[in-house]
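Have a look at the structure below, then the notes.
The values are calculated or read from the model by the stated rules, or taken from the named source; none is laboratory data. Quantities reported herein were computed from a predicted structural model and do not represent experimental measurements. Here the Cβ positions follow ideal geometry from the backbone for every residue, glycine too, while neighbour counts run over all protein chains shown. Note: accessible area is taken over every heavy atom of the protein model, side chains too, but ligands, DNA and RNA are not part of it. Shrake-Rupley method; radii C 1.70, N 1.55, O 1.52, S 1.80 Å.
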Amino acid sequence: LDYLAEAARREEPWIDLDRLLLDDSLCEDPETRQLAYAESWLLVSTLLESPDRLPGFRAYLERLKMSEKPENREKVIEQTLGPLDALDRAVRARGARRLRR
């Protein structure tokens, strides 16, 4: 959360959720690593703390564990977590609320 606050002060743009979930290199690249981890933390926190989203998150993790084809990730995300644009808006809104505290 501290890093997200710093990034907001620097007006650093957020990584779109679809890119965050589908591009593993974001967590390896020194340019994007910290923001990717911070946003990932916020995403997981949002999913774990939302009674409506938790079952889908569990299903998502189970499907990933069973999948031999990582390229199917986008389909698995949509099927378990719902539309990415709606989830992206929810995570960003939650982040904005947490940063105002």
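Of the accessible area of the chain, computed with a 1.4 Å probe over protein heavy atoms only, carbon and sulfur atoms account for 49 percent. With all protein chains kept in place, the per residue accessible area of the chain amounts to 66 square angstrom at a probe of 1.4 angstrom.
Label sites at L61 and Q79, each approximated as a point 7 angstrom past Cα along Cα to Cβ, lie 1.9 nm apart. Note the listed values [x] 0.97; [y] 0.99; [z] 1.06, then indicate which one is Rg/Rh (Cα atoms, Kirkwood Rh) calculated from this particular structure. Answer label, from the structure shown: [x].
Multiplying the residue separation of D52 and L99 by 0.36 nm and removing their Cα-Cα distance gives an extension gain of 14.7 nm.
Taking all protein chains as they are arranged and a probe of 1.4 Å, the heavy atoms of E28 leave approximately 130 Å² accessible to solvent. Fully extending the segment from E28 to R10 would add 4.3 nm, taking 0.36 nm per residue of separation and subtracting the current Cα-Cα distance.
For the listed peptides 32-38, 55-61, 5-11, a ranking on the average number of other beta carbons within 10 Å per residue, highest first, reads 32-38, 55-61, 5-11.
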